[in-house]
Amino acid sequence: MIKEIPIRFFNTETRKKEIFKTLVPNEVKIYTCGPTVYDFAHIGNFRTYVFEDILRRTLKYFGYTVQQVMNITDIDDKTIRGSMASNQTIFEHTQPYKNAFFIDLKTLGIEQAEYYPQATDYIPQMIDFIKKLLDRGVAYRSSDKSIYFSISKMPNYGRLSHLKLSELKVGAGDARVAFDEYEKDHAADFVLWKFYDEEKDGQVYWESPFGRGRPGWHLECSTMATEILGETLDIHVGAVDNIFPHHENEIAQSEAMSGKTFVHTWLHSEHLLVNHKKMSKSLGNFYTLRDLQKQGYHGSEIRYMLMQTHYRTQMNFTFDGLNGARTSLHRLIDFMHRMQEHAGEGETTSDCRQNLRKAEHHFNQALADDLNISLALASLFDLTREINIAYDRGVLTPADANAVVELFKMFNLVLNIFDFKTDEGPSTELIILMKKRKQARKEKNFKEADRLRDEIYANGYEIEDTPNGSRLKKM
Ligand code: AMP
Ligand code: ZN
């Protein structure tokens, strides 16, 4: 479905909300920086991936075809360190974390991207990329035998992060950085091909025309992005810590190589914090998804918590917040079940039709406005309130309830918080049992009514008697 409303995104590069345009009409090419698979991802990482999922689903909801790449960083300082410490090959070390990552994506209801390239599958292409940069005179071999990108050759360097080269501190010692992790406010020539160092790299190396070694992290993303999606992307995404130097360096290499604009729209999500500090492995203040699942939280509850704050607002993780998200989500799910039970054939009322139109309009407007998910969710709660009032007054027709369910199914294309397959509400059999129970009670056959209640109970539902009649509620 093509929605008539233009989408606006806040572009990190221009620092403005812009009307979103694609290179090819109705087709979006997105590159999303993926996990470094040296350990389990934490829920801070997943805040970014859930945001990217909302982005992807919204674009599809608005009628775009999406081509999304999420890379797997399986070679960098951290994966090498991990493999050496555990006495494993780099592949043995990273495989379990890759597997876990894909399981976690499923748990969180994140839709599969079209491509998940891993860096180790693109080494020949990375070598070609470096050759071209050397030919263009923007890369050089240094005295440590590694190949570096010369940022002074790019007058535009700093344009994404709004840093001026002349104002940046230059990397400690000399102006070169051979590591994948380094201080964020230091501008420096960055490594494209890191020359082999037996002590640090162990058995991890590839042969190349520049000698034995391995690629730098920034180059990995530029190569996989351009190889799969082409020289110009519509959208590139990451969290704010990726802006500098990672994304700045991606721009420098990619544009030096192609002479074209690398990315039209840059989107960056804010961090998930703990006690107002970034959740990170290095601070040790993190929870993995598995930690929360062990405490009984369901994937959809964690998804709901991670998505409910606008992506450009920092979010502080607390268990109170997670419990609040759980309560809000279950309020919506209970409402859905009530509507599913009441749903049927017949006429809709004009009041209900008007409420549905209003909710849909607000939902679409909110998403089109730089993915304002908090407002989009508010439109669901407003609708829930209005419909509950009509239901309690007995003026909501079964056809109205059906129309509400249909609208929620559409919202769910973006939100993916209701499981219409396994969480479809009570089955027809259960609804028939409840009707039989009602009949038994009417006939004062309480023994039979109790037996039916027990049967319903055994199927995971309890009966709630309301002024409007009885309804089934999931236990
Ligand atoms: P990494 O595996 O460290 O490369 O990180 C994967 C992604 O998660 C990157 O896009 C990071 O910017 C993002 N990220 C890391 N920590 C956080 C956090 N606390 N909140 C949100 N996103 C994060
Ligand atoms: Zn990247």
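The values are calculated or read from the model by the stated rules, or taken from the named source; none is laboratory data. Here the structure is a predicted model, which means the values were calculated and not measured. All Cβ positions, glycine included, derive from the backbone under ideal geometry; neighbour counts span all protein chains shown. Remember, those area values only see protein heavy atoms, side chains included, never the ligands or the DNA or RNA. Shrake-Rupley method; radii C 1.70, N 1.55, O 1.52, S 1.80 Å.
Under the classification rounded if a/c is under 1.5, otherwise prolate if a/b is larger than b/c and oblate if not, where does the stretch 21-149 fall, given a ≥ b ≥ c as square roots of the Cα gyration tensor eigenvalues? Show your work: numbers first, answer last.
Numbers: a/c = 2.76, a/b = 1.23, b/c = 2.24.
Oblate is the answer for the stretch 21-149, as a/c is 1.5 or above yet b/c matches or exceeds a/b.
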Q | Magnitude of the charge dipole, the stretch 8-283, Cβ model with Lys/Arg +1 and Asp/Glu -1, debye to 20 | A | 760
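Per the 1.4 Å probe, what fraction of the accessible area of the chain, in percent, lies on carbon and sulfur atoms? Show your work: numbers first, answer last.
Details: 10730 of 21770 Å².
Answer for the chain: carbon and sulfur cover 49 percent of the accessible area.
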Q. Packing-wise, with mean Cβ within 10 Å as the measure, how do 148-159, 43-54 rank, highest first?
A. 43-54, 148-159
Q.
With bins 10 Å wide starting at 0, give me the P(r) of the chain over every alpha carbon pair, in whole percents.
A. 4, 18, 25, 22, 14, 9, 6, 2, 1, 0
Q: Can you work out the accessible area per residue across the stretch 329-415, with the rest of the protein chains kept in place, probe 1.4 Å, in square angstrom?
A: 44
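So what is the accessible area of the stretch 428-474 per residue, in Å², with the probe set to 1.4 Å?
Values: 3380 Å² over 47 residues.
It amounts to 72 Å² per residue over the stretch 428-474.
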Q: May I ask you to derive the FRET efficiency for A378 and K436 from their Cβ-Cβ distance with R0 = 41 Å, giving the value to the nearest 0.05?
A: 0.55
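222 nm [θ] for the chain, helices only, -39500 (n - 2.57) per DSSP H run of 4+, per residue, to 500? Walk me through the numbers before you get to the answer.
On the way: 15 runs with 211 residues, N = 475.
Roughly -14500 deg cm²/dmol at 222 nm, from the helical runs in the chain.
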Q. Along the Cα-to-Cβ line of R136, 7 Å from the Cα, sits a label point; which residues in the stretch 237-260 have backbone N less than 19 Å from it?
A. 246-260
(Q) Using only the alpha-carbon atoms, how far is helix 90-107 inclined from the longest principal axis of the chain? Give it as 0 to 90 degrees, nearest 10. (A) 30
**Q.** Gap separating the Cα centres of the stretch 232-259 and the stretch 1-59, nearest whole Å
**A.** 14
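Quick one: dipole size for the chain, taken about the Cα centre, charges +1 on Lys/Arg Cβ and -1 on Asp/Glu Cβ, in debye to the nearest 20. Before the final figure, lay out each step's value.
On the way: 61 positive and 67 negative charges, 195 e Å.
Magnitude of the dipole: close to 940 debye.
Under the definition of Cα pairs under 8 Å and six or more residues apart, what whole-number percent is the relative contact order of the stretch 13-95?
Relative contact order here is 38 percent.
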Q) Ignoring ligands, DNA and RNA, what accessible area per residue does the stretch 1-64 give at 1.4 Å, in Å²? A) 41
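Suppose a student asked you for the relative contact order of the chain, using Cα pairs under 8 Å spaced at least 6 residues apart; what percent would you report? Please report the intermediate quantities before stating the final value.
On the way: 740 pairs, mean separation 76.2, N = 475.
Over the chain, the number comes to 16 percent.
Where does each of 18-28, 58-68 land if you order them by average Cβ count within 10 Å, highest first?
58-68, 18-28
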**Q.** Full-extension gain in nm, E345 to H276, via 0.36 nm per residue minus C-alpha separation
**A.** 19.7 nm
Q: With label points built 7 Å along Cα→Cβ from the Cα atoms of D419 and R159, find their separation and express it in nm.
A: 4.7
Q) In whole Å, what is the distance between the alpha-carbon centres of the stretch 81-105 and the stretch 342-420? A) 44
Q. How would you rank 196-209, 337-350, highest first, on the average number of other Cβ atoms within 10 Å across their residues?
A. 337-350, 196-209
